[in-house]
Every structure is written in structure tokens, then in C-alpha cells.
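A short write-up of the structure that comes next.
The values are calculated or read from the model by the stated rules, or taken from the named source; none is laboratory data. This one's a predicted model, so the numbers in the text were calculated from it and none came from an experiment. Cβ placement follows ideal geometry from the backbone for every residue including glycine, while neighbour counts extend to all protein chains displayed. For accessibility, only protein heavy atoms count, side chains too; no ligands or nucleic acids. Shrake-Rupley method; radii C 1.70, N 1.55, O 1.52, S 1.80 Å.
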Amino acid sequence: MGIIRLMDEPLSNKIAAGEVVERPTSVVKELVENAIDAGSTAVEVILIEAGLTSIQIIDNGAGMDADDALLSFSRHATSKIANEHDLFRIRTLGFRGEALASIASVSKVTLHTSNGTSGTFVQMEGGRLTEHRAGSLRKGTDIKIDQLFFNTPARLKYMKTLQTELGHTIDLLNRFALSYPGIAFKLTHDGRTILQTSGSGEIKRVLADIYGVAIAKKMIPFEGHSHDYKVSGFASLPEITRANKNYISLFVNGRWVKHYAIANTVHKAYHTFLPLERQPIVVLNIEGDPYLTDVNVHPSKQQIRLSKEKELMDLIHETIRRTISAAVRAPIIEKPKPIKQAPTKQLDLWKSSFTVHEPKQPMPEQPEVVEEPELPLEKEVEFVQQDPDPVPFEEAQPTSAEPEEDDSPQFPELEVVGQIHGTYIVAQSNDGFYLIDQHAAQERIKYEYFREKVGDIDSNERQSLLLPLTFHYSRDEALRLKDNLSTLSDSGVFLEEFGDTSFIVREYPTWFPKGFEQEIIEELIEQVLTERKVDVKKLREDAAIMMSCKRSIKANHFLQKHDMERLLTDLKGAEQPFTCPHGRPVIIHFKTYDVEKMFKRVMN
């Protein structure tokens, strides 16, 4: 007798659950996706102990009849695709037909569903049907998952803390809310409302719900399209940064995905606008023919493959880069403003439909003047505390006493006043005074100069050496350098082979910073050796940044007034004068109005 046999359905479902149901967040994701596919306009998620004890999803979607309700718990049962051709044009979030069967195999499930004409009640335990009868007629689906992993204790043992598991779910619901602003989402944990969106269809209102009004006001819209793709969304001004890429939310045809290349492209679009190791907040929606995307990569459906990927990357980079470049200006230093009390009726509406509550911290007592809270920068998931007297997003505008700002990021007409600590230039204009970082300012000027020079290597601008520079490398490094001699040459490093593992440089561009020639050559060679794929554009960019930094005025260097005036004149002619190549601000603006408030010359 043979030893190979077919597994029974409960056992195969439990094995499949190992990939589909990793933690409570996985259950919430699958069930909320089903609710969205069913056409719901309101979805409520209720958790007890971060979902380990109970997960309940209530929607107002299409619902199911009795036959479909039973069939939905079978393996590979789905309404999303009918044949293999549908697999290449998936327009729904779910399609594999594994979620309910996998969830039911490792939990106790109670399902109430109705299509508006008939209601059904189904109860499952460990993948086996325990009860089936007629149910209520409330249109939609109410599904409850109790005792998740009760029959797989090994999986339960490796769950993280309740706060960590809850954080993952909050992050997930935030992404759903950003992707589907027309759906009202509500998340409740242990009886406390954590997140609630209005479903108004306005992404900026959702951004305010999640990140707070102050940050939402500094998110700017962008949009672009090519023959095959359309991209749109919101991107934060460079002054709003985070420590990791978790705040870059990517959606392809409404599906939240994780795609390293796209996230990296978004970050590159902020090149020279962000400080090192900082990331922006971006919501990016990508729309295209489903035929160009392959979402059938992993059961979690968060990985995706894209056709015409380079075309899409170029579109994303160009669109975001253009938008940010047009919006960057000198940061304005303001004294924090008190928040005025909103009318009672307006406040009640705001609290009921447009708030995010802190899950553990009680509401603070209301002081006479409440300053806008500062949002945490380093948390993976942000809990935005509700202000005691918040002002609706549309009304959070400067008071009438404050002069209107010109939105165009034009360089101001400046008059040099002096210098502070040999590092910062003080200048004034009609609307206040400015501090200019002299090193960052000249770094920007030199960067644009070297960027042009490196991009156009002229043979007439080379300095021949009486004694060539010699460089020695290991055999594997030498082989890699030999493959990239032309790339280095395009960046101003003219290496010649000098034996098996040695190279010499007989000349270099005359505009290389004096005294740093060998150091620059060594650093560019090192970059070629460490990069997996050498990009001549990136190499030239890095060379320009490196040379601009080494050639610029350092701190504690005292300047004459005419030197400072010349520096500001050159800075005004720069393409992007407000940030240095490393993304740090070059110039900071102190408005006259705010200075007068500090000295109590104006009281409102």
C-alpha cells in the first residue's frame, strides 16, 4: 500500500493559515478587504486585547445569501475571479479564496450576514461547522473571530505585546483610510475609539485624522501621468520628516503594497531637500491597467510585480520632484499660536467625526490657552492625541491680524546686517530678518557649479601631473574597477591600468578642489567598489556633493561685509537656494509680525 495520501480539508486549511494568518492584523486585513470588495461605505473594527481575544468586523456591504455564506468557508471559494483570464486583470483586493477557510481553521467564527432579502447565521469552530440557521435582515456582514490560535498554541506563543499587535492594526487601518477616503472607518479597542474617519472622500481630512491638522496643512498634492500610469497623492514639505520609510504609503489600484524600488524612488525625489537618514511622509496612489500588475506573488498580497517599471519610476520621480521643488522655501520661525475655542455645536461634530483618540492616556484638563501638541517623530505608529478644543481643518488659518504670505517660493531681497559666531549671516528685508548658514549657502552654490562641470567633462579643463597618482587594490576589486573605467572617466576620474592590480591617474579636472584631489578620487573609486550596480548619474551627483562640501566656507570663518553680500548675490542666482545638497536649510526667516509679538508690541 502506498504511503502518500490526501490531507483532509481541516488539516490543509490549518497549514494554509500559516501563510495567510500570521497575527491579528492579518485577520483584520483579510476581512476589511472583503468588506471593501462588497461595496461597503462604513466599516467598523472592534478589538479585545489587540484582537487575540476577539476581532469583530461590521460593514454595510452587499452581504451574502445562505448558500454563499456556507460556501465562503470552503477552500478556494471566491466571487472575485471565474477563470484564468481574470487572474491577469484583478480589480478587487481579495481573489485567492483562502482567507475565511484559513481564519476559521485556527479560531471560533460567528457570522451574521444578509443581502437585504434573507439573513444567515453561521458558526464555525476549528474549521468545522457547528451551527447554521436563519439570521437578522440587517444588510451587510457582521463577522466575529474569537480565541484566535486557540488550537495552534505555538503560533500564539510568539505573538508580541498587546501594544505592538495593536500598533500593527492601527497602521493597517490608517492605510485603508488613506486608500479609501470615501469609506468611514472606525477602530475600537477595549471599548475605546482609536481611529474614526468621516468617509467624506477628502484625503487631506484623513491625513488630519491620522497625523494631525498641523502636519496635514504641510502636505501638498501632486499628480502626473504617462501613457500607461497615473500617479497622484500628497507629499510632505521637506521640513516634515521621519526616521524610516514606514510613512511612505504606496497604493496600486487601491491596494496597499510594499515595494522597495518605488519607496526608494520617492526618497530620491527629495534628493538635496531632506537631511541625511530622514524620510518624508508621502501618500502615493498609482493607477494603471490591472494587466500591467501581478499581485499573485504571495498569499499576503502585499508584494507586487509591475510591467514597464522604469517608466513608472521616472514618472514618480519627476512628478514628486517637480512638486517639491516648486514648494520649497525658507522655513519660517513662528511663536506657537493659541488655539481659539470652537462653538459648541461645531466642536461636537468635530469630536464625533474627525478625531483620533489616545488609547491609553486620559484627556488632559483644559487650560486657558492650549498650544498645538508636537507629534512624536520616531514612533512606528503614531497615536495623535485629541486637542481639548480643536479647530476644524478648514478653519485652522492665520488670524486676520497677520499679513498674508506669498505662496511663491521666491528668494527675498536682502540687506546684510552682520555675522554671528563666524557662522551665520544676518540679513533683513521688508518682512523681517533672516539667518543664513554661510557653509550651507556656499555648498549649494558650489554644488550646482560642480554638478554642471561633472556632467560635461571638457578635455581642455584638465591638469596633467608631473608624478602620477598610484592606487593599489585587491584582485577582485581590480576586476570590478576595470569593468567601470568608462563610468569613472565620465565622472572626472581618469584611471589607467598599471599592472594586474594597480592603477594610475595622470590627470584630473582643473576644477577639482585644491588639496582634496586624491581624497575625492579615492572616495569615488570606493563608491564604485561598494555599489552593487554603478549608476553614472548617481556617481556624478555624489561627486558634486562631495566637492561642494570640501570647497565651501567652514563654520567659525569670519567674513567681510562685501564677502557676505557677494555670497547672498550668488545664492539668489542658485536654482534651489533654500536647501543645501544634504537637505539642510540654508536660510531661515523670522517674520516681523512674530518678532513684534515676542516683544508684546502686538497682542493678538
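Worth a mention:
- Residues in the range 530-571 that a label on Tyr473 would reach, taking backbone N under 20 Å of a point 7 Å out along Cα→Cβ: 530-544, 546-547
- Modelled spin labels at Arg601 and His225, positioned 7 Å past Cα toward Cβ, are 5.1 nm from each other.
- Here's how it looks for Phe498: its modeled amide H is under 5 Å from those of Phe503, Ile504, which are all 5 or more places away or on a different chain.
- Accessible solvent surface per residue of the range 210-295, calculated while the other protein chains remain in place, 1.4 angstrom probe, Å²: 37
- Ratio of the Cα radius of gyration of the range 202-324 to 2.2 N^0.38 Å, where N counts its residues: 1.03
- Just so you know, the Rg over Rh for the range 451-491 is 1.05, from Cα atoms, with Rh as the Kirkwood radius.
- Note on Gln560/Asp456: beta-carbon distance plugged into 1/(1 + (r/R0)^6) with R0 of 35 Å gives a FRET efficiency of 0.55.
- Calculation over all alpha carbon pairs of the range 25-74 in 5 angstrom steps from 0 returns a P(r) of 5, 19, 24, 25, 19, 8, 1 percent.
- Qualifying trypsin sites (Lys or Arg not before Pro) in the range 484-543, DSSP loop, other Cβ atoms within 10 Å at most 15: Lys514, Arg532, Lys533
- For the range 550-604, the C-alpha radius of gyration divided by 2.2 N^0.38 Å, with N the number of residues, is 1.56.
- Protein-only accessible surface order, largest first, of Trp511, Trp256 at 1.4 Å: Trp256, Trp511
- Size-normalised alpha-carbon gyration radius of the range 183-261, reference 2.2 N^0.38 Å: 1.26
- Only protein atoms count toward the accessible area here, which uses a 1.4 Å probe; on the range 190-316, the carbon and sulfur part of that area reaches 48 percent.
- Accessible area of the range 92-209 divided out per residue, in Å², using a probe of 1.4 angstrom: 40
- For the range 21-65, with all protein chains in place and a probe radius of 1.4 Å, 51% of the accessible heavy-atom surface sits on carbon or sulfur.
- Rough spin-label spacing in nm, given labels placed 7 Å along Cα→Cβ, for Lys268 and Phe411: 2.8
- Accessible carbon and sulfur surface of the range 459-598 relative to its total accessible area, %, 1.4 Å: 48
- Gap separating the Cα centres of the range 34-79 and the range 178-218, nearest whole Å: 21
- Overall dimensions of the range 438-545 as given by Cα atoms, namely Rg and Dmax in Å: 13.9, 46
- With every protein chain in place and a 1.4 angstrom probe, the accessible-area ranking of Arg480, Arg133, largest first, reads Arg133, Arg480.
- Solvent-accessible surface ranking, highest first, for Ile588, Ile553, Ile57 at 1.4 angstrom: Ile588, Ile553, Ile57
- Dipole magnitude for the range 103-218: about 220 debye, using +1 per Lys or Arg Cβ and -1 per Asp or Glu Cβ, origin at the Cα centre.
- At the listed q of 0.14, 0.21, 0.22, 0.28 Å⁻¹, the Debye profile of the range 429-501, built from one uniform point per Cα, gives log10 I(q)/I(0) equal to -0.67, -1.02, -1.06, -1.23.
- Cβ-based charge dipole, the range 482-581, positive-most Cα from Asn484, Met564, Ile520: Met564
- Annotation: per residue accessible area for the range 440-552 equals 52 Å², rounded to a whole number [probe 1.4 Å, protein chains only].
- Averaging over all projection directions, the Cα-based convex hull of the range 125-248 occupies 12.8 nm² in the image plane.
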